[in-house]
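A.B. asks: Once you've had a glance at the structure underneath, I'll fire off some questions.
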Amino acid sequence: MMLIEETTVPDAGLPVDEFKAHLRLGTGFGAGSLQDEVLISFLRAAMAAVEARTGKILLQRGFSWSLTRWRDPDAAALPVAPVVAVSSVEIVDRLGARSAVPATQYWLEQDGQRPQLRPVGAVLPAIPAAGSVVIGFDAGYSATWAEVPSDLRQAVLLLAAHYYEFRSETTLSEGCMPFGVSSLIERYRMFRVWSGGAA
């Protein structure tokens, strides 16, 4: 299974000015954009960390998800949410040849936690031996930062500020996330339940 981000959020779509205000950086000295590059890098890192912890995509963009077998042929739970639309489903044989599955053969069951690709008929299309299926889809709360849920926006700013303040620190434990950020994103986290228990 592999999830690939096919499109990225442009720099102009990131809340750089809001982040500067959050950091209380000085303005009006003729060098207002001097730190923009480093601020953008911290915003991207914070957004990626929040998305990874929650499984929720903040700003809309395109993804492709490939897998070699269906866990359940009746429905395939997509790896992130919210999913706006499924743009394509392609079957890839062992030699790499692709064939598109008609959009009339599947539909998207939208869900804030666990969106699913479902077949129109009894089961999803068969995946050939040593082959795969590649699902293209668009996911994200909004195309604009202002329409992302406010608690997730705040979590990104807090985490980006944490990265900024401790940018020279090398002794923080791996996976360290400030408590304020953890509490803001907790309700968005999705717990997966397998046969061995919750994960």
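The values are calculated or read from the model by the stated rules, or taken from the named source; none is laboratory data. Remember, predicted model here, so these are calculated numbers, not experimental data. Neighbour counts are summed over all protein chains in view; Cβ atoms, including those assigned to glycine, are modelled from backbone coordinates with ideal geometry. Each accessible area value is taken on the protein alone, full model and side chains, heavy atoms only, with ligands, DNA and RNA left out. Shrake-Rupley method; radii C 1.70, N 1.55, O 1.52, S 1.80 Å.
A.B. asks: For Cα extents along the principal axes in Å, several values are listed as (1) 63, 38, 30; (2) 61, 37, 26; (3) 53, 47, 31; flag the one computed from this structure.
C.D. replies: Working out Cα extents along the principal axes in Å from the coordinates points to (1).
A.B. asks: I would also like to ask the following. Let me have the 222 nm mean residue ellipticity of the chain computed from DSSP H runs of 4+ only, each contributing -39500 (n - 2.57), with the sum over all residues rounded to the nearest 500.
C.D. replies: It lands at -8000 deg cm²/dmol.
A.B. asks: Between Ala130 and Ala48, how many nm apart are label points set 7 Å from Cα along the C-beta direction?
C.D. replies: It works out to 3.4 nm between the two label points.
A.B. asks: Want the number for Asp93 to Ala21: 0.36 nm per residue separation, take away the alpha-carbon distance, what's left?
C.D. replies: Value of the extension gain: 20.7 nm.
A.B. asks: Given 0.36 nm per residue, what is the gain on full extension from Arg114 to Met190 after removing their alpha carbon distance, in nm?
C.D. replies: Answer, rounded to one decimal: 26.5 nm.
A.B. asks: Tally Lys/Arg at +1 and Asp/Glu at -1 over every other residue whose Cβ is under 14 Å from the Cβ of Gly140; what's the total?
C.D. replies: -2
A.B. asks: Something else: With the other protein chains left in place, how much accessible area per residue, in square angstrom, belongs to the chain at a 1.4 angstrom probe?
C.D. replies: It amounts to 57 Å² per residue over the chain.
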